[in-house]
Amino acid sequence: MKMRAWSIGILFVAAGFAGAAQDSPYEQALQQVVESFDKIGVTLKTIVDEESAAAAKLDLRKSAASFLEARTKAAKMPPPEKDEKVRLEKLYKPKLDASMKKMFTEVRRVEAIPGGKDALKEISVVLKKDGKKSH
């Protein structure tokens with residue numbers, strides 16, 4: 001259920017990315033979000049111990065920054081036309097769902113690894129529903 005709620009929230013953010021043409025700035029920003037989730041998942045998969053957790057921090061930080069950049073772009077864009085919103089949901093919902101599922105599966109695994117929780121702090125802004133960094 002938490003995953004579903006998060007997914008719906010991301011789609012609302014994604015709706016702000018809607019544009020009239022494929023490869024529009026909106027669609028590029030949405031693709032950037034998907035790629036950020038994918039990169040985070042791949043990086044988290046490399047974490048198997050405290051040493052690898054420490055080594056993954058830089059890549060996690062870069063992926064989180066890419067996500068924030070895309071979200072900031074989306075926040076500045078006007079809402080999409082209804083048809084475009086529907087088109088983007090059809091196109092990106094499966095991609096977002098798959099990327100988020102992989103990412104959250106790895107997050108749960110990494111939480112149990114020594115140094116994992118510390119590494120996850122690098123992506124805390126991505127993991128928070130409200131998008132605010134926890135201190």
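Observations on the structure shown:
- Scanning the range 47-81 for residues that are of a type in the set (D, E, K, R), at pLDDT 95 or above and under 19 Å from the mean Cα position of the chain (by Cα) yields K57, D59, R61, K62.
- Qualifying positions in the range 68-77 - free of Cβ contacts under 8 Å to residues at least 24 places away in the same chain and farther than 19 Å from K129 by Cβ: K76
- Flag if I123 is assigned to a loop (DSSP other than H, G, I, E, B) and either modelled with pLDDT of 95 or more or in contact with a strand residue (DSSP E or B) (Cβ under 9 Å, 6 or more places away or on another chain) (or both): no
- Filter result (exposed (fewer than 15 other Cβ atoms within 10 Å of the Cβ) and in a helix (DSSP H, G or I)) within the range 46-60: E50, E51, A54, L58
- Yes/no for P94 being in contact (Cβ under 8 Å) with a residue 24 or more places away in the chain, surrounded by fewer than 18 Cβ atoms within 10 Å (Cβ to Cβ) and on the phi < 0 side of the Ramachandran plot: no
- For the range 106-119, the tally of residues that are touching a residue at least 60 places away in the same chain (Cβ under 8 Å) and either part of a helix (DSSP H, G or I) or polar (S, T, N, Q) (or both) stands at 7.
The values are calculated or read from the model by the stated rules, or taken from the named source; none is laboratory data. Everything quoted here is computed from the prediction, not taken from an experiment. Note that each Cβ is placed from the backbone with ideal geometry, even for glycine, and that neighbours are counted across all protein chains shown.
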